[in-house]
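Below: the structure, in C-alpha cells.
Each value in this text was obtained by applying a stated rule to the coordinates, not by laboratory testing. Being a predicted model, the structure only gives us computed values, none of them experimental. Neighbour counts are summed over all protein chains in view; Cβ atoms, including those assigned to glycine, are modelled from backbone coordinates with ideal geometry.
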Amino acid sequence: MARLTRRRLLELSALSGGATLLGGPAAASTPGAGSPRTLGPVVLEPDDPRYAELTTRGYNGRFTGSPDVVHLVGSAEQVVRAVEVAARGRRRVAVRSGGHCFENLVDDPAVRVLIDVSEMTEVSYDPRRRVFAVEAGATLGRVYRTLYLGWGVTLPGGGCPAVGVGGHVAGGGYGALSRRYGLVVDHLHGVEVVVTDPAGRARLVTATRDSTGAERDLWWAHTGGGGGNFGVVTRYLFRTPGAAGGPAELLPRPPGATRSMSLGWRWQDLDRAAFTRLLRAHGDWHHRHIGSDSPYGELSSGLTLGHRANGLITVDAALDAAHPRAGELLDTFAARLTGAAGAPHTSTSTTTPWLKSVLGGVQWPGGARFKSKSTLLRKPWDDRQIGVLHDHLSRGGAEFATAAVYLTFLGGRINDVPSEATAMPHRDCLFSAVHEALWGEEEQTGRQLAWVRDLYRELHADTGGVPVPNDANSGAYVNYPDNDLADPRLNTSGVPWSTLYHRDLYARLRRVKERWDPLDLFHHALSVRPPGAEPSSSP
C-alpha cells in the first residue's frame, strides 16, 4: 500500500553508500586512537567550496546555518583540538552527526563553530573491555548491519537507517524492538565525550555505568538527557547490563525474520462514527496489552493518520516470525480493529529477513520544510481528542496531503525500567504521538505551521496547549525537539519545556551541566541550563 507521508518514507528509508564491515569479531579499538585511515583535520571556512556541502544539507529546509568555521573531524583528538579552540574564543559550538535535527538547534545563525563527526563511523568490538564501540557519526543502518553481520546482535533503535547515533542515543532511542528489549540507552555501558574545564581546556573523558561520582553522572546524563548539552560524544560503548559470555551474548539478538501486517482504510470509506470506533478500538486494545507480560509483549505497532487529502489511514504491526503464534496473534489484532471500524479495508501480510526489513525501502532525500510536535501518551485519546483529530485531518485541501499524525506503541520492556535509572524519565507511556506538517514552498509556511499548531493546541486544550504530565500525558520526547514548547504564546500552561521533556530529572541534569560544561559552550534553545542561569530564550 502506498505511503505518501514523510514519516513512512523515513521508516522505509534505505542505507545508501554501501556500508562495509569494520573490525570483525576479533577486532579491538583503542579509546580515542587514530589510525592510518583517519580523516582530517579538515577545517572549512565560507570561502571553501566544501563548506556549502556541510552547511546547506537541509534536512529541514526551514533552517540554514552560517558558522564561521566547520571542523570535519576524524578522531577524538581532532575533536579535542576543535573544542579547545572554540572554548578559548568563547564561540558557540554545535555538533552534527546524522544531521536529522527537527529544529534549528544545529542550523542556527548564532552557531559560530560546527563540529561535524559524520566521518567517524567505525563500529567494532573491544575484547579488553567487552563492549561494542560505536563512533558518534555512524548511522543506525551502519550499526544494524555491522553488529548483525559481524556478531548476530543489534540495538533496539529507530526505524530510519540514515539517522546518526550521536543524537539518537543521547535522547534515549526507541524503535521496533524496544517493547522486547527496551530503549537503546538501556544497553549503554559507557560514553566517550570531549568536555571543557572553566579555563577552556578540553579533554576526552570516558564515563561508564560502573563509574562513580561525577563520571557516573556524566554517563547517566547521556542516557536520555538529549544532545548538544554537555560536550561532544566521540564514541558510545554498548553492553547489556548483566550480560556474560562472548560478544554474541553481550547485546540483544534480533529475530531472524519479521512477520508483518498492514491494514488500510480510505478516508472516503470512513464516516466520523467509523473513524471514532476505529481509534477507540485501537487505543483500548493497546492499553490492555501495554505490559511486557502480555501475549503481545513483543509486538511493534504503528498507526498513521494521513490527512484526508492523502486519503489513507494505516495500521502496521510486526512480530518475530519465529513466534509460534505470530500469525494467530496478528490475525486477532486485525479482526479487532477491522470489526470495530465496520468499513472496507485492505490487508497485506509478509515475512521479511530482519536486516532487510530495517535497511530496505525508499531513501528520504531531505530538504523539505516541516514541523513536528511530540506527545507521549499514558492513555489513549479520549472522544474529544478523537473529534479534534477527525476535524483537523479533514481540514484544508491538497497542500496538506503530506500532513499526518503518527502513533507508535511503547510500553513493554521500556516501562520495566525505573524512571530515574536513566535520564529518559518516560517509563510509563503507552504511545509516542508525532503531529507533523510537511511542505515544499516557502509561501506555504504560515498556513502549514498554523495547521499543525492549531491541531496540537486543540488536542491539549485542557492543559494549556501542551502535554503537561498528568494521568493522560507523560510530556514530550526530547529527540523530537519543538521550539514552540519554550514560547509562552504557544505554551500557556505555565509548565516549562524542561518539565515536558525531562520531568523531575531536570534538576539533576542541571547539576551535570554545571560540572561538565562550566562555560555553557554547548547550548541551544532547548538545552539544559546550568543552575542559576536564565532559561533559554524563545526562538
Matching residues in segment 244-254 - criterion: being surrounded by 15 or more Cβ atoms within 10 Å (Cβ to Cβ) and either more than 21 Å from Asp320 (Cα to Cα) or touching a His at 6+ places or on another chain (Cβ under 8 Å) (or both): Pro247, Leu251, Pro252
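Within segment 146-160, identify whether any single residue is more than 30 Å from Gly246 (Cβ to Cβ) and in contact with a helix residue (DSSP H, G or I) (Cβ under 9 Å, 6 or more places away or on another chain), and answer yes or no. First the steps, then the outcome.
Of the residues in segment 146-160, the ones more than 30 Å from Gly246 (Cβ to Cβ) are 160.
Still in the list and also in contact with a helix residue (DSSP H, G or I) (Cβ under 9 Å, 6 or more places away or on another chain): 160.
Yes, segment 146-160 has at least one match.
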Residues that are of a type in the set (S, T, N, Q) and either over 28 Å from the mean Cα position of the chain (by Cα) or closer than 30 Å to Ala404 by Cβ (or both), drawn from segment 231-273: Thr258, Ser260, Ser262, Gln268
Residue list for segment 142-165, filter: over 14 Å from the mean Cα position of the chain (by Cα) and at negative phi: Arg142, Val143, Tyr144, Arg145, Thr146, Leu147, Tyr148, Leu149, Gly150, Trp151, Val153, Thr154
Near pairs, Cβ below 6 angstrom, 6+ apart or cross-chain, from segment 87-104 (at positive phi) to any residue that is of a type outside the set (Ser, Thr, Tyr) and in a loop (DSSP other than H, G, I, E, B): Gly99/Arg57
Residues that are farther than 26 Å from Val452 by Cβ and either among the charged types (D, E, K, R) or without any contact (Cβ under 8 Å) to a residue 40 or more places away in the chain (or both), drawn from segment 295-338: Pro295, Tyr296, Glu298, Asp320, Pro324, Arg325, Glu328, Leu329, Asp331, Thr332, Ala335, Arg336
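Starting from residues that are over 10 Å from the mean Cα position of the chain (by Cα) and of a type outside the set (A, V, I, L, M), keep the ones in segment 166-186 and report whichever is nearest to Gly242 (Cα to Cα). Spell out the reasoning first.
As a first pass, look at segment 166-186 and keep what is over 10 Å from the mean Cα position of the chain (by Cα): 166, 176-186.
Filter again for of a type outside the set (A, V, I, L, M), leaving 166, 178-182, 186.
Working: Gly166: 25, Ser178: 18, Arg179: 19, Arg180: 17, Tyr181: 14, Gly182: 15, Asp186: 11 Å.
Filtering segment 166-186 for residues that are over 10 Å from the mean Cα position of the chain (by Cα) and of a type outside the set (A, V, I, L, M), the one nearest to Gly242 (Cα to Cα) comes out as Asp186.
Can you tell me which residue is surrounded by the fewest Cβ atoms within 10 Å (Cβ to Cβ) among those in segment 183-233 that are of a type in the set (Gly, Ala, Ser) and within 23 Å of Cys101 (Cα to Cα)?
Filtering segment 183-233 down to residues of a type in the set (Gly, Ala, Ser) leaves 190, 199-200, 202, 207, 211, 213-214, 221, 224-228, 231.
Checking which are within 23 Å of Cys101 (Cα to Cα) leaves us with 221, 224-228, 231.
Details: Ala221: 28, Gly224: 29, Gly225: 28, Gly226: 26, Gly227: 29, Gly228: 24, Gly231: 27.
Among them, the one singled out is Gly228.
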Candidates Gly283, Gly297, Gly327, Gly367, filtered to the one that is under 30 Å from Ser498 (Cβ atoms) and not in a strand (DSSP E or B): Gly283
